[in-house]
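Everything below concerns the one structure shown next.
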Amino acid sequence: MKKSIETERLLLRELELSDVQGMFELDSNPNVHLFLGNKPVKHIDESIHQINNIQQQYKTFGTGRWAVILKETNEFLGWSGIKFITNEINCHKDFYEIGYRFIERHWGNGYATEAGKVFVDYAFNELKADVLYAYADAGNENSRKILEKLGLKYINSFEYEEEIEVWYELKNPNLV
């Protein structure tokens, strides 16, 4: 697995424990969690635990969420990447899912789309995924727009953890 990928503005790399302050800033913000079940983290130990879990995913599945760093300032912006989901969501199990989450002050700068394009390519060309899925809270218009910019298509709405979610997919164009 590659350790890092660069875009015009971003460095995408595996999460490290040194990212914990940024992860805590991200996940302790109630606005970030507005469409994520409204459960912001309360203590930095929760962020350490999350990074450890993601690092285990790298070992177990060869993929996971990566840190998104602004090259110009070396600042942690949030995370993006491909996760292998083993539990059942919307009648799917054992699938690759693209996701992203950014610190609020960095919203609206195109970072999620810029990183997401790299991870769509990564899913199909490195992981050889047949299809890539994503889901978002039905009310999260900004996240839905990003998924559509990345080429994912709306499939259906479903209930998950007492929330209405929308399901998106993108089939590997190399296999069509």
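The values are calculated or read from the model by the stated rules, or taken from the named source; none is laboratory data. Predicted model only: the values in this text are computed from it and were never measured. Methodologically, a virtual Cβ is constructed for each residue, glycine included, from the backbone with ideal geometry; neighbour enumeration extends over all protein chains shown. Keep in mind that these areas ignore ligands, DNA and RNA; they rest on the heavy atoms of the full protein, side chains included. Shrake-Rupley method; radii C 1.70, N 1.55, O 1.52, S 1.80 Å.
Give me the residue from the stretch 1-34 that is hydroxyl-bearing (Ser, Thr, Tyr) and either over 17 Å from the mean Cα position of the chain (by Cα) or more than 20 Å from THR113 (Cβ to Cβ) (or both) and, out of that set, least open to solvent (accessible area, probe 1.4 Å).
Ranking the qualifying residues of the stretch 1-34, first place goes to SER28.
Considering only residues that are more than 16 Å from the chain's Cα centre (by Cα) and touching a residue at least 12 places away in the same chain (Cβ under 8 Å), look in the stretch 38-49 and name the one that is most open to solvent (accessible area, probe 1.4 Å).
Within the stretch 38-49, the match that is most open to solvent (accessible area, probe 1.4 Å) is LYS42.
Please tell me if LYS117 is among the charged types (D, E, K, R), part of a strand (DSSP E or B) and open to solvent by 60 Å² or more (accessible area, probe 1.4 Å).
no
Do you know which residues across the stretch 50-68 are within 14 Å of VAL118 (Cα to Cα) and either over 11 Å from the mean Cα position of the chain (by Cα) or open to solvent by 10 Å² or more (accessible area, probe 1.4 Å) (or both)?
Those that are within 14 Å of VAL118 (Cα to Cα) and either over 11 Å from the mean Cα position of the chain (by Cα) or open to solvent by 10 Å² or more (accessible area, probe 1.4 Å) (or both): THR63, ARG65.
Among the residues of the stretch 125-133, is any buried (at least 18 other Cβ atoms within 10 Å of the Cβ), at negative phi and in a strand (DSSP E or B)?
Yes: one or more hits.
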